[in-house]
Amino acid sequence: MKEILLVFLLPVFVCQQSYFIAKKTYADCTQTQFFDPATLTCVACPANSGTTAAKPNECKCNKGFKKSYTLASSVLVLTCTECPTGQAMSLDGTACFSCGSGASLDASSGHCTCDNSGEVLQERNAAGVFEASVSCSPCDSTKTANAQSDKCISCPLDLALPNTNQCTCTVSNTIDDVCFAESQSLSAETTVTRAGQQISSPLFASNLISSYQKCLDGKDSAACNFLANLCVLQLSSSSGSACSLLAQVQTGRQPLTTIQSWREQLPWIILSQTDYQSLSTYAGIEKVFDYQSSLNIAIATYSVNGTYLGQQKGTGGLLQLCKLYDNHLDKLWSFGAPVKQTCTIKVENLGDTKFFDLYLEDDDKLYPLPVITSCDSSCSATVNSELQYTRRIFTADTISNTDYARALTSLTFTTEITEEGKILPPKVQAVYGDVSSVEGAFFDVAFELKYERSSGTAEEQWKIVLGVLVGVFFFISLIPFISWNRRNGTMMLDGTMIIKFLLAILDGLAWAMFVTSASFAIYWFFAKNSVDPGQLPEDQSTLFITVTVLAFVFKFVNVIHIVLDQSYADVFFIDWERERPIAEGDQSMKKTTASKISIWRTILAANEWSEIQTTRKTSITLQLFVVIFLLEVLNFDDYGCTTPSQSPAFKFNCENDAQRQDSLYLRAGLAMIVYGATALGQFIINRLIISMFFNPILNFVDLLSVMNVSLFTLTHKQFGYYAHGKSVHGRADTDMLDLQNCLRREANGQTGTRGLEPGQDITVELQLI
């Protein structure tokens, strides 16, 4: 029954695991705690021990207590035992004894000190055993006192075994002159792969085994970080590599209470695919981001030898090899502001080799960021798939060997937005490249910040909207076709009807595609300034481009169709002028002959008709001038940049042409908004104001009336328009004085109206039956 209950409770405990740690620094640890740089936590010291300001990450027995080590589960455990009354501690803190000849007890330190200068304490005899009573004596001629004058010789660190208080090591426990507490059977891989070649590395040959030994025995947290650094530099999982040795140490350590995969006093470097998925999909970040927020990236920095250099923020260009102005670097991490920087760096300008563990900082919590590590084509080798998931990166490696340098050629942070203002931990992708270390060699370097949504793809949404609009505009396009068929009087199916039907369908498709592309472009233009910006679907632009191009192609075909229809329309001009008889020859004979009617009035009407056919409701010249003025002079084109206008980084990312990152959707949406708004403004002004003073159509009708000419045009076989231009004065082919008198009488209301019916001014539509 207990086993069954445990099985049912196990998923509950697994689900309750959280992927964050409390933010701690040296100052947060008490005197009875030491700061562990590998886990960034405060760990309690053993009883009767504490830390000092000089070494806050190391426990030391209190004054009057001697230290000893016991081996438990392959880890050395510190134990502090009180010295008898009146006795002093040894200088190394491992024994207690009385102060003898020439020495006295120093109450402040708890050690014996020599009464005479130039002498050293003689704590051990020739056999290395502690004396019962300590005396002071000068060093022999073969030895010299150290700077503190406390001993003549010290035990080599790599051969120290504190649990035995001896400076000797059995031969079976020694590997590469490094002594282990227990017998080890391993071989060290001291090569690195650079540019596809296996190159011997002095750094690994000198430090791999020793850092493994110190980390394995639990004596030195910096050694564990050193071993982790070697793992990141080597990127190999073969036997004897730094990563495999680090994995061996990890198996003997207990997990942290908050993160099961992170072991005590060890850096969390090697991630399994499950760890990576758990970190990258952890939804426990409580902070709600807006455009005034920043991605607070906390960086735990380590030197090559594993020394913890402290925590730093991502601002200031710590992770960017492409250096910019300081104020730009501070705005770089503004939330919702995509960034992409590229530059070229010479090998000699790479700088010192440092290592970084990345976290997302949220008040007092640190969320570890997962890293996918790979190598570009210059490496001529693919990084082992088991090691692609890590947590530590470096910007440059110029120390593992002298032949080749390795640099971080591409660093990408991808932040997924799950809902309004909520995010998942950013995923980091680090790509390295190799180049020869000769002077003048260079790297092409890139740094990028991206944001993406967790919703469905834009391509799926386009297909749905396009499918709906195509159906809608299909039925709408049937209206002009039916109208054409009725006006043309076509009673049976023929080739012309089929062509007209297809052209109507193409026009409907053009409208459906244009509305779809315009709607999505305008939507993305305004959506990028929302609090849930997400990533513009640049990788799905093929469908958008295809739909937009097809819309313009179909519309171009429709324009040609309109021009052809206009060209084949029948136009008739009716001259109402009548011939007037005039006297000729002898007046007494009253012989008359008819005067000829001038054709120039009809020619002028035809010319005006040809010009009025190209009249538009907007001015193309003014349209282009206003659009260019808004985009280039008033800098509206900056809004085509992917950085939202509300972001503090907008000015830095969008006004610099070398740094700005434009979007096809934003530029298309901006162009449609500016062009459409300008055209709409022109149309409204022309309709409400300009047409009251200047109307080409009405002016043409007035001209027809003055010329005594009517217009009749057949746009279809059974449909057309008639503009009645018969003059109310009965004549137009006259001199200027007579014409002015006629117009004056019409202005004074002394003539009839111009329409076909009394009292009306009309333009007639004709339906021929």
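The values are calculated or read from the model by the stated rules, or taken from the named source; none is laboratory data. Note that the structure is predicted; figures quoted are calculated from it, not measured. Heads up, the Cβs are rebuilt from the backbone with ideal geometry, glycines too, and the neighbour counts pull from every protein chain shown.
Quick notes on this one:
- Pick from the stretch 480-508, criterion among the β-branched types (Val, Ile, Thr) and surrounded by 14 or more Cβ atoms within 10 Å (Cβ to Cβ), ranking: nearest to the chain's Cα centre (by Cα): ILE505
- Qualifying residue in the stretch 644-657 (condition: surrounded by 13 or more Cβ atoms within 10 Å (Cβ to Cβ), assigned to a helix (DSSP H, G or I) and touching a Leu at 6+ places or on another chain (Cβ under 9 Å)): yes
- Scanning the stretch 493-508 for residues that are in contact (Cβ under 8 Å) with a residue 12 or more places away in the chain and in contact with a Ser or Thr (Cβ under 8 Å, 6 or more places away or on another chain) yields a count of 5.
- Here is the figure for the stretch 220-237: residues that are crowded, with 19+ Cβ neighbours inside 10 Å and either among the hydroxyl-bearing types (Ser, Thr, Tyr) or not in a helix (DSSP H, G or I) (or both) total 4.
- Considering the stretch 436-449, the residues that are more than 14 Å from the chain's Cα centre (by Cα) and surrounded by 20 or more Cβ atoms within 10 Å (Cβ to Cβ) include one that is farthest from THR643 (Cα to Cα), namely PHE443.
- Set side by side, the residues ALA126, ALA160, ALA147 differ, and just one is more than 25 Å from PHE65 (Cβ to Cβ), modelled with pLDDT under 75 and outside the structural domain of SER210 (by TED's automatic domain parsing), which is ALA147.
- Candidates LYS427, LYS422, LYS450 - the one that is in contact with a helix residue (DSSP H, G or I) (Cβ under 6 Å, 6 or more places away or on another chain), in contact (Cβ under 8 Å) with a residue 24 or more places away in the chain and closer than 30 Å to ALA527 by Cα: LYS427
- Filtering the stretch 418-460 to residues that are among the hydrophobic types (A, V, I, L, M, F, W, C) and at pLDDT below 85 leaves VAL438, ALA441, PHE442, PHE443, ALA458.
Let's see how each residue does on (1) without any contact (Cβ under 8 Å) to a residue 60 or more places away in the chain; (2) over 21 Å from THR618 (Cα atoms); (3) not small (Gly, Ala, Ser):
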| position | (1), (2), (3) |
| --- | --- |
| ALA649 | no, yes, no |
| GLN659 | no, yes, yes |
| SER663 | no, yes, no |
| LEU666 | no, yes, yes |
| ILE673 | no, no, yes |
| GLY681 | yes, no, no |
| SER691 | yes, no, no |
| ASN695 | yes, no, yes |
| PHE700 | no, no, yes |
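- Of all residues in the stretch 617-641 being surrounded by fewer than 12 Cβ atoms within 10 Å (Cβ to Cβ) and part of a loop (DSSP other than H, G, I, E, B), the one that is nearest to the chain's Cα centre (by Cα): ASN635
- In this entry, GLY240 is excluded by the filter for residues that are under 30 Å from ALA405 (Cβ atoms), surrounded by fewer than 14 Cβ atoms within 10 Å (Cβ to Cβ) and either in the same structural domain as ASP397 (by TED's automatic domain parsing) or in contact (Cβ under 8 Å) with a residue 12 or more places away in the chain (or both).
- Filtering the stretch 240-251 to residues that are in a loop (DSSP other than H, G, I, E, B) and out of contact with any helix residue (DSSP H, G or I) (no Cβ under 8 Å at 6 or more places or on another chain) leaves only GLY240.
- The residues listed here are PHE413, PHE474, PHE442; of these, the one that is within 26 Å of LYS528 (Cα to Cα) and of a type in the set (Phe, Trp, Tyr) is PHE413.
- Number of positions in the stretch 652-697 that are under 27 Å from the mean Cα position of the chain (by Cα) and more than 20 Å from PHE526 (Cβ to Cβ): 6
- Filtering the stretch 686-722 to residues that are touching a Ser or Thr at 6+ places or on another chain (Cβ under 9 Å), surrounded by fewer than 18 Cβ atoms within 10 Å (Cβ to Cβ) and of a type in the set (S, T, N, Q) leaves only ASN686.
- Residue in the stretch 19-59 that is farthest from the chain's Cα centre (by Cα), counting only those that are basic (Lys, Arg) and crowded, with 16+ Cβ neighbours inside 10 Å: LYS24
- Test for PHE700: is it outside any strand (DSSP E or B), over 47 Å from the mean Cα position of the chain (by Cα) and at pLDDT 80 or above: yes
- Looking only at the stretch 385-419, and only at residues there that are over 20 Å from the mean Cα position of the chain (by Cα) and of a type in the set (Phe, Trp, Tyr), the one that is nearest to GLN429 (Cα to Cα): TYR389
- Extreme residue, surrounded by the most Cβ atoms within 10 Å (Cβ to Cβ), among residues of the stretch 61-82 that are in contact with a Phe, Trp or Tyr (Cβ under 9 Å, 6 or more places away or on another chain) and farther than 19 Å from GLN254 by Cα: CYS80
- Condition met for GLY310 (more than 20 Å from the chain's Cα centre (by Cα) and at positive phi): yes
- Test result for SER477, outside the structural domain of VAL347 (by TED's automatic domain parsing) and surrounded by 14 or more Cβ atoms within 10 Å (Cβ to Cβ): yes
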